[in-house]
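Structure first, commentary second.
Just so it is clear, none of the values below were taken in a lab; they were calculated from the coordinates. All figures in this text were calculated on a predicted structure; none of them were measured in a lab. Glycine also receives a Cβ, built like all others from the backbone with ideal geometry; neighbour counts cover every protein chain displayed.
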Amino acid sequence: MAPEADNPASNRFPRSLRLLKSAEFQAVFAAAEQRVSHRYYLLLARTHSGAGPRLGLVVARKNIRLATRRNRIKRVARETFRHQAPGLGAVDVLFLPRRGMDALPPDRQTRLLREAWRALTKALEGGGPRPCSPES
């Protein structure tokens, strides 16, 4: 049987596309090279020596109170990332939704996240002036 990441028909989000360990999250927080900021979310990205892009989700109950809404935002983030992942390269990305994102209609959340991944791809290619300084 072929690995899930190689099977385009698979709708799963394989472990190879996820940040799993606390140290991996801390590395991105400590040394983010790119930042895409929006009223409803923040993306932090850092290149790594691995094979492909990986996503970490930091969805705080402080910002998104209801579990069902937190779960929906995470599901949409994973799905839109999975579709955009081939264009990102070897990068670790943290997605942090901000207060109010859960109040948006589902189609707006999806559209915002698609735009977020495109903006990150552009920033990583050098097309966007979005370097992340330690002070920000």
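Of all DSSP beta bridges confined to the chain, the antiparallel ones make up roughly 70%. Cross-link partners for K21 among the lysines, with Cα-Cα distance under 26 Å and sequence neighbours closer than 8 places in the same chain left out: K62, K74. Just tell me the longest site-free run in the chain, where the sites are trypsin sites (Lys or Arg not before Pro) in a DSSP loop having at most 12 other beta-carbon atoms within 10 Å. The longest uninterrupted stretch comes out as 66-136.
Our helix-only sum for the chain, with -39,500 (n - 2.57) per DSSP H run of n ≥ 4 divided by its residues, gives a mean residue ellipticity at 222 nm of -11000 deg cm²/dmol. Taking the Cα centre of the stretch 15-119 as origin and assigning +1 to Lys and Arg Cβ atoms and -1 to Asp and Glu Cβ atoms, the resulting dipole is close to 500 debye. Filter the chymotrypsin sites (Phe, Trp or Tyr not before Pro) in the stretch 72-118 down to the DSSP loop ones having no more than 10 other Cβ atoms within 10 Å, then list what survives. Qualifying residues, ordered by number: none. In terms of its C-alpha gyration tensor, the stretch 1-112 has an oblate overall shape, because the principal axis ratio a/c (a ≥ b ≥ c, square roots of the eigenvalues) is not below 1.5 and a/b does not outweigh b/c.
Loop sites here are GluC sites (Glu not before Pro) outside DSSP states H, G, I, E and B with no more than 13 other Cβ atoms within 10 Å. The longest part of the chain free of them is 1-124.
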